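Chemist: Mind looking over this structure? Questions follow.
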Amino acid sequence: DNSIIYCDPPYKDTTKYKTWWFDYEYFYKWCREKKQEWHTIYISEYNMPDDFTCVWQKEIVNNLNNKKAVEKLFTL
C-alpha cells in the first residue's frame, strides 16, 4: 500500500515498436486499479484519458525524428 509507481509506456499514436503491441486500454484500467489500491501513480506520456491529471510538462525535441513535442507527467 501507498507505493509510488512510475510508468513510461510506449507513447500512444507514435512510431510503434516492431516486436510487440501495447494494450493502452488495459494499461489505463490497470492504473485506475492501482489508484483504488491506494498507490500513487505517475505516467510519462503525451496524452492520457480525461480522468488523468497533468502535473508537469515541458517542450522537448524528439531524438528519433527531430520534431518538437510536449512531454507530460500525469497522475490520477
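Laboratory data are not the source of any read-out in this text; all were calculated from the coordinates shown. Note that the structure is a prediction, hence the values are computed from the model and not measured. With ideal geometry, Cβ positions are generated from the backbone for all residues, glycine too; neighbour counts draw on all protein chains shown.
Chemist: Take every DSSP beta bridge with both residues inside the chain and express the antiparallel ones as a percent of the total, to the nearest 5.
Modeler: In the chain, approximately 75 percent of DSSP beta bridges are antiparallel ones.
Chemist: Now for a different question. If you place +1 on the Cβ of every Lys and Arg, -1 on the Cβ of every Asp and Glu, and leave all else neutral, what size is the dipole of region 15-76 about its Cα centre, to the nearest 20 Debye?
Modeler: 260 debye
Chemist: In addition: Pairs Lys35/Lys68; Lys12/Lys58; Lys35/Lys67; Lys12/Lys35; Lys34/Lys67: which are spaced more than 26 Å apart, C-alpha to C-alpha?
Modeler: Going by Cα-Cα distance, Lys35/Lys68; Lys35/Lys67; Lys34/Lys67 fall outside the 26 Å limit.
Chemist: Nearest 10 degrees, 0 to 90: what angle lies between the long axis of helix 24-36 and the longest principal axis of the chain (Cα atoms)?
Modeler: For helix 24-36, the angle is close to 30 degrees.
Chemist: Report the equivalent ellipsoid semi-axes for the chain in whole Å, largest first, defined as the square roots of five times the eigenvalues of the gyration tensor built from alpha carbon atoms.
Modeler: Computed over the chain, the values are 23, 16, 10 Å.
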